[in-house]
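Let me begin by presenting the structure, written as structure tokens, before commenting on it.
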Amino acid sequence: MSYKITIADIAKQANVSVATVSRVYNHKSMVSEETKAKVQKAMLDLGLELDDIIMRGADAPSKKILINIPTLSNPYYNEIVKGARDVGAKRGYFVLINSQHLNTNFESFIYMVKHIDIDGVVTLNALSNESVDKLSSVLPLVQCSEFCEDRPELSYVGIDNLSATHKVMDHLFSMGRKRIALISGPGRYKYSKDRRTGYFEALKENGLRINEDWILQIPDIDYKLAYSACISLFNSDNRPDAVYALSDVFALAAIKAAETVGLNVPDDVIVSGFDDIDFTGYTTPSITTVRQPSYQLGYLSAEILIDKIEKKNTSVQHIILDTELIVRESTFVKKQKEEI
């Protein structure tokens, strides 16, 4: 038996008033983005049918797209969501945000999108071919950031993670460092696999062997887990003199761990991250990183999806956007500063 969610249920889940939920559905300008996000998340967390009372109680938009992200804790997704929301506002679509790993909760996700009348989905999750087949058979689908290269019939927007990794590694080598550690992310993601492959390729091209002790596999984008792993890494007798972190969250953890054990960044160890999320330019030291066009990833993905929904462009689109290496203090050693 399905549970009929009322507007009061959503208000309770979001810890806001019923009037606030109503204002969110009516797109009132006095509702903050943070409050909107809380209400949207509460609705999706409840995950079942929406009672007609919700539609009667507020003038809800009839056109809705869903942005599916793996987690709310990774700030990398913020700008992607913002880009998608801006397209939704321009094209008259309500943009819902859902955070869950689809391969483990797939059936409940399919049930949810059917019962809240979603028109299409942009997903940033790593999906199996079976999940892609089922989801794309239910409603229009666009993959963003994470995509299946062996499925040319599917539209996607992403970056070249291999090329971006070579930019980072070339920079670390140019700083005279050869003992380079890798802080790798969840192995299920394409970005993690590609950046790891790029790291191995760069070592091989420079005649360097792979040291398994310098490869940290972190199961999630989690600062505390990365910090603990880096403490052990920097306390070892055979420690690296450079770190390539596959996320800026990991890069920050590496810098703080180095400081904890008495190492100086960048003199003793240099650190590069990936994503260029907000804090990277304001930490001490500021963090060298790869700038992803995150806003454009979300914007283009949502635009392609809405075109598919409205049948304005039925052609499959594969878009790979450029990245940029942003060099900051975390890899800028004193010797180079003095020579300038």
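Before moving on, here are some points about what is shown:
- In the stretch 126-146, the residues that are surrounded by fewer than 23 Cβ atoms within 10 Å (Cβ to Cβ) and among the polar types (S, T, N, Q): S128, N129, S131, S136, S137
- The condition of being touching a residue at least 12 places away in the same chain (Cβ under 8 Å), on the phi < 0 side of the Ramachandran plot, touching an Asp or Glu at 6+ places or on another chain (Cβ under 6 Å) and in a helix (DSSP H, G or I) holds for only one of L162, L135, that being L162.
- Of all residues in the stretch 234-257 being surrounded by fewer than 23 Cβ atoms within 10 Å (Cβ to Cβ) and of a type in the set (D, E), the one that is farthest from R196 (Cα to Cα): D237
- Tally of residues being in contact with a Ser or Thr (Cβ under 8 Å, 6 or more places away or on another chain), in a loop (DSSP other than H, G, I, E, B) and of a type in the set (V, I, T) across the stretch 201-228: 2
- Any hit, the stretch 176-187, residues being part of a helix (DSSP H, G or I) and either modelled with pLDDT of 90 or more or at negative phi (or both): no
- Subset of the stretch 121-141 [of a type in the set (A, V, I, L, M, F, W, C) and either closer than 23 Å to F274 by Cβ or not assigned by TED's automatic domain parsing to the domain that holds I69 (or both)]: V122, L124, A126, L127
- Of the residues examined, I231 is not one that is surrounded by 13 or more Cβ atoms within 10 Å (Cβ to Cβ), farther than 24 Å from F173 by Cα and in the same structural domain as M175 (by TED's automatic domain parsing).
- No other residue among A202, A181, A258 is closer than 18 Å to P285 by Cα, of a type outside the set (S, T, N, Q) and assigned by TED's automatic domain parsing to the domain that holds I287 apart from A258.
- Odd one out for H318 among (1) assigned by TED's automatic domain parsing to the domain that holds G187; (2) in contact with a strand residue (DSSP E or B) (Cβ under 9 Å, 6 or more places away or on another chain); (3) not aromatic (F, W, Y): (1)
The values are calculated or read from the model by the stated rules, or taken from the named source; none is laboratory data. As the structure is a computational prediction, the values presented were derived from the model and not from experiment. Positions of Cβ are backbone-derived with ideal geometry, glycine not excepted, and every protein chain shown enters the neighbour counts.
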